[in-house]
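Step one of this worksheet: look at the structure below.
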Amino acid sequence: MTTQKLIVGNWKMNGSLSFLKENLSYWQTQKIFHQIVICPPFPLLPFAKEHLNSPFISLGAQDCHNKVSGAFTGDISASILYEVGCQYVLIGHSERRQYHNETNELIKEKGETAIANHLIPIICIGENLQEREQGKTLSILSNQVTTSIPSKGSNFCVAYEPVWAIGTGKTASLNDITKAHSALRQQLGQNIKLLYGGSVTIDNYLEILSLDNVDGVLIGGASLKKDDFSRMICNEPANSTR
Ligand code: PEP
């Protein structure tokens, strides 16, 4: 049985051309074990595409518009992302929901537009702290799945990212992740990749990846630590085959 997982690095509004160059040239010398997606800021994508030559690393964008094209200054279309070499796109990240008021309905449209333009959307869902404390986690997730998952097309991933765990150093417990992913698996079926995100680090990623129904991780802060991220993507778990 393979233990190869999907590891997605979300650089957010961080990194630089020199950081990208440094990472790319280092990764090309390494034996990468997992399937990797890096999501640097938009302007770095064409450079990354031009210099990437590993079958294990793909490019992802951090957002796309719900419309195919039009008068939307400052926005970016799924078709151009595909044209410059993206295979994946993050949709509905909690920072987009929080700072750009993105709703589940908009996120659903974005996912459908992404799929129609040959991208694999990674739809982010997750409860906030208040919802968690009120014991509403599973009902919130179920509602987010119902309202924000594309109804056209099935080539998408779902990332469970508890909002209170993103960038805070607080990770959901292994038990919480197991419960959430098992509920998501029941609702979404066997074919959808389920990722966990929220303060994943070099110290906890192996335990998280070993859980049932966890097909990968979405990593923010730790994807900007060159040595840590490189170890995470190259680390072949014990007794694995590919
Ligand atoms: C994220 O940006 O999706 C994320 C999970 O960030 P961090 O790993 O820093 O919590």
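The values are calculated or read from the model by the stated rules, or taken from the named source; none is laboratory data. If you're wondering where the values come from, they're calculated on a predicted model, not measured in any experiment. All Cβ positions, even for glycine, are placed from backbone atoms using ideal geometry, and neighbour counts span all protein chains on display. Accessible surface areas use protein heavy atoms only, side chains included; no ligands, DNA or RNA. Shrake-Rupley method; radii C 1.70, N 1.55, O 1.52, S 1.80 Å.
Key figures
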quantity: In the stretch 79-128, residue farthest from the ligand (Cβ to nearest atom) [restricted to those that are open to solvent by less than 50 Å² (accessible area, probe 1.4 Å) and of a type in the set (Lys, Arg)]; calculated: Lys110
quantity: So Val68, is it touching a residue at least 12 places away in the same chain (Cβ under 8 Å), hydrophobic (A, V, I, L, M, F, W, C) and either in contact with a Phe, Trp or Tyr (Cβ under 7 Å, 6 or more places away or on another chain) or surrounded by fewer than 16 Cβ atoms within 10 Å (Cβ to Cβ) (or both); calculated: yes
quantity: Every residue from the stretch 131-141 that is open to solvent by 40 Å² or more (accessible area, probe 1.4 Å), part of a helix (DSSP H, G or I) and more than 19 Å from Glu102 (Cα to Cα); calculated: Arg132, Glu133, Leu138, Ser139
quantity: Any pair with Cβ under 8 angstrom, 6 or more apart, that starts in the stretch 208-220 at a residue that is touching a residue at least 24 places away in the same chain (Cβ under 8 Å) and more than 14 Å from Ser182 (Cα to Cα) and ends at one that is open to solvent by 10 Å² or more (accessible area, probe 1.4 Å) and small (Gly, Ala, Ser); calculated: Gly220/Gly167
quantity: Search result, residues across the stretch 173-201 that are more than 16 Å from Val8 (Cβ to Cβ) and touching a Lys or Arg at 6+ places or on another chain (Cβ under 9 Å); calculated: Asp176
quantity: Some residue of the stretch 142-160 being of a type in the set (D, E, K, R) and either surrounded by 15 or more Cβ atoms within 10 Å (Cβ to Cβ) or part of a strand (DSSP E or B) (or both); calculated: no
quantity: Condition met for Lys21 (charged (D, E, K, R), at pLDDT 95 or above and either open to solvent by less than 20 Å² (accessible area, probe 1.4 Å) or closer than 30 Å to Gln144 by Cα (or both)); calculated: no
quantity: Residue check for Thr3: under 25 Å from Val214 (Cβ atoms), away from the ligand (no atom under 16 Å from the Cβ), open to solvent by less than 60 Å² (accessible area, probe 1.4 Å) and touching a residue at least 24 places away in the same chain (Cβ under 8 Å); calculated: yes
quantity: Selected residue (only one of Leu195, Leu184 is in a strand (DSSP E or B), under 17 Å from the mean Cα position of the chain (by Cα) and in contact (Cβ under 8 Å) with a residue 40 or more places away in the chain); calculated: Leu195
quantity: Selected residue [open to solvent by 30 Å² or more (accessible area, probe 1.4 Å), under 15 Å from Tyr205 (Cα atoms) and within 12 Å of the ligand (Cβ to nearest atom)] from Thr178, Thr171; calculated: Thr171
